[in-house]
Amino acid sequence: MKFLQKKKRVKLLAILGGVFIGVMNGLLGAGGGMLAVPMLKKLGADQTKAHATAVAVIFPLSIVSAAAYWWLGRYRLPNAVEYLLPGAVGALAGALLLAKIPQTWLRKIFAVLLIWAGIRMLSS
C-alpha cells in the first residue's frame, strides 16, 4: 500500500474495515464494535471519539443485521422487546458517562472487556 497516498490509504482502510466490521456484526451480533474502536483509533480518532463513532457505525449495522435475522425467522420481535427499554436506558447512561471518563481509563476499561469477552468465548 506504499504506492497509495496517505489519504487514499485511510479511505481504503475505512472501506475494508467497514465491510469487515459489518460482516462481524452480522455474525457476532454487534461484536463489530470491538473491531471498530481500534480501527477508528488507527485512522486517527482519540479514544472518546472512537467509542462514540463506533456506536454511530454499529447502530445502523445492528438494525440491518436484526432485520435480516428477523426476515430469516431467527428470532421473534416480542422476545427482543423486553430488552429494548432497559437497553436504551443503559445506552443513554453510557453515552452520558463517556464524556466524563478520562481516555486512559476508557482505554483500560475497553481492554478489560475485550479480555473478559475473549476468555468467555474460549471457555464456552
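In the set MET39, MET24, MET34, which member is under 12 Å from the mean Cα position of the chain (by Cα), touching a residue at least 60 places away in the same chain (Cβ under 8 Å), part of a helix (DSSP H, G or I) and surrounded by 15 or more Cβ atoms within 10 Å (Cβ to Cβ)? Show your work before the answer.
Numbers: MET39 fails: touching a residue at least 60 places away in the same chain (Cβ under 8 Å); MET24 fails: touching a residue at least 60 places away in the same chain (Cβ under 8 Å).
Being under 12 Å from the mean Cα position of the chain (by Cα), touching a residue at least 60 places away in the same chain (Cβ under 8 Å), part of a helix (DSSP H, G or I) and surrounded by 15 or more Cβ atoms within 10 Å (Cβ to Cβ) holds for just one of MET39, MET24, MET34, which is MET34.
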Restricting to segment 95-104, name every residue that is at pLDDT 85 or above, closer than 14 Å to ALA50 by Cα and either open to solvent by 90 Å² or more (accessible area, probe 1.4 Å) or of a type in the set (Gly, Ala, Ser) (or both).
none
Scanning segment 42-74 residue by residue, the ones that are outside any helix (DSSP H, G or I) and open to solvent by less than 70 Å² (accessible area, probe 1.4 Å) total 5
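The values are calculated or read from the model by the stated rules, or taken from the named source; none is laboratory data. All values derive from a computational prediction rather than experimental measurement. When we count neighbours, we look across all protein chains shown, and the Cβ atoms used for this are built from the backbone with ideal geometry, even at glycine. All accessible areas refer to the heavy atoms of the entire protein, side chains included, with ligands and DNA or RNA removed. Shrake-Rupley method; radii C 1.70, N 1.55, O 1.52, S 1.80 Å.
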